[in-house]
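*Asks:* Mind having a look at this structure? Questions to follow.
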Amino acid sequence: MSDVSTTGHWDQFMEGIWRQNPVFVMVLGMCPTLAVTVSAVNAISMGVATTFVLACSCLLVSMMRNVVPKEVRIATYIVIIATFVTAVDYIIQAISLALYDALGAFIQLIVVNCIILGRAEAHASKNRPAVATYNALGMGVGFTIGLLALGSVREVLGAGTLFGVSLFGANFQPWVIMVLPPGGFFVLGAWLLFFAWHARRKERQLREAGQHA
Amino acid sequence: MGTVEIRPAPHVRGERTVEKIMLNVVWSLLPICAFYVFQYGVSALASITVVTGACLLTERWLVRTGTQAGNIGDYSATITGLLLALTLPPGFPLWMGAIAGFVAIGLGKGLFGGLGFNVFNPALVGRAFAQAAFPTAIATYTPSFLPGRFTEFIPSSLAWPLMIPADAALWLKAKHLDALAGATPLAKWKFDGVMVGANELVTSLSGHMAVGPSPLLILLCGSYLALRRYLDWRIPMSILGGAAVVAWALFAFNPTHYPNPFFMLFSGGLILGAVYMATDMATSPVTPRGMWLYGGLIGLLTVVIRYYSGLPEGVMYAILIANAATPLIERITQPTPFGKSALAARRGASYPLNPSYISREDAGAVTPKKRILKNKPKRDERRTPTH
Amino acid sequence: MSAEHLPIDQAPATPTGAMIRTLGLVSAICGLIIVGAYQGTYDAVAANKRIAMERAVFKVVPAAKSIEEYLAKADGGIAKAGAETPAGAIRFFAGYDEAGKLVGVAAEGSARGYADIVRVMFGYDPACQCVRNIGVVSMRETPGIGDKILVDRAFLENFKELDARLTADMKALANEIKTVKHGSKTGAWQIDAIAGATITSRAVGRAINDTAQALLPRLAPNLDKIGSKS
């Protein structure tokens, strides 16, 4: 991990957005990814809530990394994560009850989102607070982008709107399946397919460039 | 050259090729499509053309990009397209039909790797997607044999892409037809308790009923395929038998509440599904006993879904569920290998599908213990060169 | 430094006191954060909840200008509602016009729909003894099918004046409020279901009926008590 902590903060931030994107590369935290992405607004709210919990808990975990004995570290991480989830739960209720209803049980379920515990265990507990926070923020933004990619496709096809703005007029025929759970699987599958295709194409280009050289 | 070529069975090739079988199925489907066009006119023709076209284009694209094995010349995508079009309402908006065709080939076949690798019948995957995405449009039927059907489109057919199709009920009202005339016999029975006469159901010829192609014609075309051995007669027989037995048992139990078995067999898409969709070679069992089991399961599920669910028609889901069960059915209906006693057969196939067998290449190539042919010739004896 | 080079199973054990101290410290910090968040958002959350509830009540009792919250207790009495709902009591809202006169009562009912519980708020008009309007508090019905209960004009027409009269002895509704199959509505107390969304329509009927059967007999003798704004 020493090489990671010496790289720049920007690299730490970009790590979660592209190379280790939690949704499209690591395929972690699928429960909220599939469940709340029926609209772009829901997706962004969920992403922001998760980012907040991720950044705060990674900061705290990193700050305490030298005092927490390893025997009780998981218990400590879970308590810290649960704390910030509870705080987010109250904050969302205070901002908008409609949003709170739309996200439903998935706010509380951020506690068991494996991205957060995974980051706390694999990264924050071994790095300085600043590095851990940048990495966590990058992961959170990457997660938000992933959710938004799903949420916008599902909202456009499922309701004909994007961020609540009608795109096709009143006569749009909604694709009911897109706002139902199977739609989440279809859209996620399509995105994963796209990224796999992209990765393979890039690999081929690199190989061809190598052959020419 | 002295190269030793090692390849698995089969070593003997028959006359029949995939292309030949598929082409025969296409030929046998043409009269059914022609009758469908005769029933619903130019809308049905457009629907068949667009859906089949979408299937062929998708197939071509997937084969070109190397996503899927196969060859557009094997006619399997044509069959998928024709069958999918026949299961959709004639006035189904063309843009939705194109999407259904794309999903059928892309999701139903391409992603699995092409013809022969698919788990589910592609046409039904396309229809299931359309059913889930556009539940209203797929339940909107229009009466058959309308005057002027060869010159005028059903208005919903020509909906703009992504837009809501025109209301069929208004169009029917303008033609001074009862809105109920647009209901299928199954929907009429389920939601309104009206039964349609037997002879109308069998021929699809009389009245302005909203029905698919004539069951009699489908059976005729299917029996051609069965006689040429291009489909196995056991599957349609067991589906119809299974559905008839379950429907008859319920009818005998309470004749006022349940319709007669004859109605169950000849309404909806049961005949089309039994003859053309359930018999898809890649997705149905290969063992004879498995075919009976598979067909019986479809028949039972169809009746159960029709009677006890919110949907009027259950053939599609019944076939898809049975498709999913096919590997299991094949597993439990393995025939006894030659030379093995019936008693030993109970213990299962000669090469059980356990994980150690599947991944034996990874696990250091441990050859599974062979249980048959105990006194077969020694390896060394066979390999002895004979010059 | 030498401890780092030892294999893991030989690492020195952490003393019990250190573990307890750490966990205690973490818990204390976390407790502070949670209490802080709770205190900081308490007023905003309460205000949000009140606004959401009032919006639902005003929707089903449109003539109301102000509302009061009451409890219809199991013994037949009526009391101002507090934060708690005692066992057997039904919470309802009385809506008053500008002059402080009772114009309608709103109550909530719930019943099992297709996907989950459907919770509906309905407005009861004591003057005509009928249910006037409905609104959905929460539901998870299939979009495009079950959620037609919000927009289907023919369905909402049922709640223009849905008969909810009591029997002469004021023990129960004279006619059970019931959802009937699409197109077979005969009485003013029946709800004509939406074709294709019968299960959700039935849930709405059952939710209204259950609450009305329990609430209205307790409400009727006490109408004068809440008749004007206190």
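*Asks:* Using Cα atoms only, what is the angle between the long axis of helix C:16-60 and the major principal axis of chain C, expressed in degrees (0 to 90) to the nearest 10?
*Replies:* Value to nearest ten degrees: 20.
*Asks:* Continuing with the same structure: From the Cα gyration tensor of the protein assembly as shown, with a ≥ b ≥ c the square roots of its eigenvalues, which class applies: rounded if a/c is under 1.5, or else prolate if a/b is larger than b/c, or else oblate?
*Replies:* oblate
*Asks:* According to the square roots a ≥ b ≥ c of the eigenvalues of the Cα gyration tensor, what is the shape class of segment C:106-230, taking rounded for a/c under 1.5, prolate for a/b larger than b/c otherwise, and oblate for the remainder?
*Replies:* prolate
*Asks:* Determine the share of segment B:216-326's accessible area contributed by carbon and sulfur atoms, expressed in whole percent, with a 1.4 angstrom probe.
*Replies:* Heavy-atom surface of segment B:216-326 belonging to carbon and sulfur, 1.4 Å probe: 74 percent.
*Asks:* Go ahead and run the numbers for FRET between C:T14 and A:C31, Cβ-Cβ distance against an R0 of 35 Å, rounding to 0.05.
*Replies:* 0.55
*Asks:* Right, here's the next one. Hey, can you find the accessible area per residue of segment B:1-99 for me, probe 1.4 Å, expressed in square angstrom?
*Replies:* Accessible surface, normalised per residue, equals 50 Å².
*Asks:* Now for a separate question. Looking only at segment C:21-43, which residues have a backbone nitrogen under 14 Å from a spot 7 Å from the Cα of C:K49 in the C-beta direction?
*Replies:* C:38-39, C:41-43
*Asks:* Another question about this same structure. Under the rule of -39500 (n - 2.57) per DSSP H run of 4 or more residues, summed and divided by the residues of chain C, what mean residue ellipticity at 222 nm is obtained, to the nearest 500 deg cm²/dmol?
*Replies:* It lands at -11000 deg cm²/dmol.
*Asks:* Okay, next question. Using label points projected 7 Å from each Cα along Cα→Cβ, tell me how many nm separate C:A87 and B:T151, to one decimal.
*Replies:* 7.8 nm
*Asks:* Give me the distance in nm between label points sitting 7 Å out from Cα along the Cα-to-Cβ direction at B:E15 and A:A75, one decimal.
*Replies:* My value for the distance between the label points is 7.9 nm.
*Asks:* Count the net charge of all other residues whose Cβ sits under 14 Å from the Cβ of C:I117, scoring Lys and Arg as +1 and Asp and Glu as -1.
*Replies:* Taking every other residue near C:I117 into account, the sum is 0.
*Asks:* Inside 10 Å of the C-beta atoms of C:114-127, what's the mean count of C-beta atoms belonging to other chains?
*Replies:* Averaged over the peptide's residues, the number is 0.
*Asks:* Nearest 100 Å² is fine: how much accessible area is buried between C and A, summed over both sides, with a 1.4 Å probe?
*Replies:* Roughly 2000 Å².
*Asks:* Another one. Taking only Cα atoms and a 10 Å spring cutoff, compute GNM fluctuations for chain C and point out the largest among C:A99, C:A79, C:A64.
*Replies:* Result: C:A99 has the largest fluctuation of those listed.
*Asks:* If you don't mind, another one. With a 10 Å cut-off between alpha carbons and a GNM built on chain A, which of A:I17, A:I92, A:I81 moves the most?
*Replies:* A:I92
*Asks:* Go through B:277-290, B:225-238 and give me the packing order, highest mean Cβ count within 10 Å leading.
*Replies:* Going from most to least packed, we get B:277-290, B:225-238.
*Asks:* Highest mean first, how do A:25-32, B:328-335 rank when packing is the count of other Cβ atoms within 10 Å averaged over residues?
*Replies:* For the peptides A:25-32, B:328-335, the packing ranking is A:25-32, B:328-335.
*Asks:* Return the distance in nm (one decimal) between the two label points of a simple spin-label model at A:D101 and B:A169, each offset 7 Å from Cα along Cα→Cβ.
*Replies:* The two pseudo-label positions are separated by 2.8 nm.
*Asks:* With a 1.4 Å probe and every protein chain kept in, tell me what percent of the accessible surface of segment A:52-168 is carbon plus sulfur.
*Replies:* With neighbouring chains kept in place, the figure for segment A:52-168 is 71 percent.
*Asks:* On average, how many beta carbons from a partner chain sit within 10 Å of the beta carbon of a residue in C:31-44?
*Replies:* For this peptide, the per-residue mean of nearby foreign Cβ atoms is 4.
*Asks:* Order A:R73, A:R207, A:R201, most accessible first, counting only protein heavy atoms with a 1.4 angstrom probe.
*Replies:* Most to least solvent-accessible, the answer reads A:R207, A:R201, A:R73.
*Asks:* Are there residues in segment A:160-207 whose accessible area shrinks by at least 20 Å² when all protein chains are included rather than the chain by itself, and which are they (probe 1.4 Å, ligands and nucleic acids not counted)?
*Replies:* Listed in order, they are A:F168, A:N171, A:F172, A:Q173, A:W175, A:V176, A:I177, A:V179, A:L180, A:F186, A:L193.
*Asks:* Mind jotting down the distance between the C-alpha centroids of segment C:89-163 and segment A:78-130, whole Å?
*Replies:* 36 Å
*Asks:* Separate question: Count the net charge of all other residues whose Cβ sits under 10 Å from the Cβ of B:L186, scoring Lys and Arg as +1 and Asp and Glu as -1.
*Replies:* With Lys, Arg at +1 and Asp, Glu at -1, the neighbours total +2.
*Asks:* Could you run the numbers on buried accessible area between B and A, total for both chains, 1.4 angstrom probe, in Å² to the nearest 100?
*Replies:* Approximately 1200 Å², summed over both chains.
*Asks:* Using the alpha-carbon atoms, what tilt in degrees (0 to 90, nearest 10) does helix C:198-219 show relative to the longest principal axis of chain C?
*Replies:* On a 0 to 90 degree scale, this one is about 80.
*Asks:* Just subtract the alpha-carbon distance of C:K178 and C:L23 from 0.36 nm times their residue separation and send over the number in nm, one decimal.
*Replies:* Contour length minus the Cα-Cα distance gives 50.1 nm.
*Asks:* Can you flag which of B:K173/C:K185; C:K101/C:K178; B:K188/C:K185; C:K80/C:K225; A:K126/A:K202; C:K160/C:K225 are past 21 Å Cα-Cα?
*Replies:* The answer is B:K173/C:K185; C:K101/C:K178; A:K126/A:K202; C:K160/C:K225.
*Asks:* Now for a different question. Leaving out ligands and nucleic acids, note down the accessible area per residue over segment C:61-222 with a 1.4 angstrom probe, in whole Å².
*Replies:* 47 Å²
*Asks:* Taking chain C as a Gaussian network, where each spring joins two C-alpha atoms under 10 Å apart, which residue of C:V60, C:V131, C:V26 fluctuates the most?
*Replies:* Among C:V60, C:V131, C:V26, the largest GNM mean-square fluctuation belongs to C:V26.
*Asks:* Can I ask one more? Which percent of the accessible heavy-atom area of segment B:51-185 goes to carbon and sulfur, probe 1.4 angstrom?
*Replies:* 69 percent
*Asks:* Divide by every residue of chain A the summed helix terms, -39500 (n - 2.57) for each DSSP H run of at least 4, and state the resulting mean residue ellipticity at 222 nm, rounded to the nearest 500 deg cm²/dmol.
*Replies:* -22500 deg cm²/dmol
*Asks:* Here's something else I'd like to know. To the nearest 0.05, what FRET efficiency results for C:L150 and A:C114 with a Förster distance of 35 Å applied to their C-beta separation?
*Replies:* 0.45
*Asks:* Moving to a separate point now. Could you work out the mean count of beta carbons from other protein chains within 10 Å of each residue's beta carbon in A:84-95?
*Replies:* So the per-residue partner count for this stretch is 5.
*Asks:* Can you list the DSSP H helices in chain A whose Cα atoms extend at least 15 Å along the helix axis and whose mean Kyte-Doolittle hydropathy is 0.5 or higher?
*Replies:* A:40-63, A:73-95, A:129-159
The values are calculated or read from the model by the stated rules, or taken from the named source; none is laboratory data. Since the structure is predicted, the reported quantities are computational estimates derived from the model, not experimental observations. Glycine gets a Cβ as well: all are built from the backbone with ideal geometry, and neighbour counts include every protein chain shown. Remember, those area values only see protein heavy atoms, side chains included, never the ligands or the DNA or RNA. Shrake-Rupley method; radii C 1.70, N 1.55, O 1.52, S 1.80 Å.
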